[in-house]
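Down below is the structure, laid out as structure tokens.
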Amino acid sequence: MASSTTSTAITRNQVDLLDFIDWTGVECLNQNTTHPFQNAIKQGYREDEGLSLESDADEQLLIYIPFTQMIKLHSIVIKGPQEEGPQTVKLYTNREHMGFSNVTDFPPSDTITLSPDNLQGKPVVLKYVKFQNVRSLTIFIEDNQSGSDITKVQKIVLQGTTVETTDMKGLKKIEDH
């Protein structure tokens with residue numbers, strides 16, 4: 001009984017990290033320019049089922065998302081169609097300048113296999129200990145459900161919390177004087 005209360009409390013503190021994304025630094029490799037990453041990540045676009053991020057030359061996508069401050073990532077939602085929706089997704093923390101040529105050189109922080117439930121919007125809870133002090137997240141979509149050449153992502157939601165960087169002891173000392 002106590003453990004279910006704890007997990008509910010942890011989940012309740014999680015927020016959509018959309019407001020903490022540094023939009024000027026977001027990159028997506030192999031995106032179809034008429035179906036860019038904004039369709040899956042930005043508020044308003046990602047809620048429109050008619051819009052999606054689509055891969056271009058093949059099924060793989062590499063999305064780099066920097067944050068404006070340190071975050072703790074708890075879970076991820078990746079919505080997509082049953083056929084062209086992503087299947088194998090590798091997540092990397094704090095790795096800049098990754099490309100398709102070197103993405104396999106590094107061990108991922110977590111690898112997830114998306115189920116049909118996940119593609120409908122069920123969150124995937126991540127290995128929380130590996131996502132504690134995240135400055136940036138790289139999402140490597142390796143393949144899709146059907147093995148087709150085009151991968152479609154309708155929505156990506158990152159859920160977690162910000163890392164408090166304020167030193168409360170330091171503030172208290174100033175007040176005491």
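Put simply, when 38-48, 62-72, 107-117 are sorted by average Cβ atoms within 10 angstrom per residue, most first, you get 62-72, 38-48, 107-117.
For the chain, the alpha-carbon radius of gyration amounts to 1.11 times the rule-of-thumb value 2.2 N^0.38 Å expected for a compact globular protein. Across the chain, Cα pairs under 8 Å and at least six residues apart give a relative contact order of 33 percent. Counting 0.36 nm for each residue step from GLU164 to PHE100 and taking away their Cα separation leaves a gain of 19.7 nm.
Each of THR33, ILE76, TYR45 was scored by the projection of its Cα onto the charge dipole of the chain, and the greatest displacement toward the positive side belongs to ILE76; charges sit on the C-beta of Lys, Arg, Asp and Glu.
When shorter helices are ignored and each DSSP H run of at least 4 residues is given -39500 (n - 2.57), the per-residue value for the chain at 222 nm works out to -4000 deg cm²/dmol.
Karplus-derived 3J(HN,Hα) values for the stretch 94-110, using 6.51 cos²θ - 1.76 cosθ + 1.60 with θ = phi - 60°, are 6, 10, 9, 6, 8, x, 5, 6, 10, 4, 7, 6, 10, x, x, 5, 7 Hz; glycine and proline are entered as x. For the chain, a crude dipole built from +1 on the beta carbon of Lys and Arg and -1 on the beta carbon of Asp and Glu, taken about the Cα centre, is about 820 debye to the nearest 20. Modelled spin-label separation between GLU27 and ARG135, with each label point placed 7 Å from Cα along the Cα-to-Cβ direction: 1.5 nm.
Read-outs: derived from the displayed coordinates by stated rules, not from any lab. On a predicted model such as this, the values are computed, not experimentally measured, just so you know. When we count neighbours, we look across all protein chains shown, and the Cβ atoms used for this are built from the backbone with ideal geometry, even at glycine.
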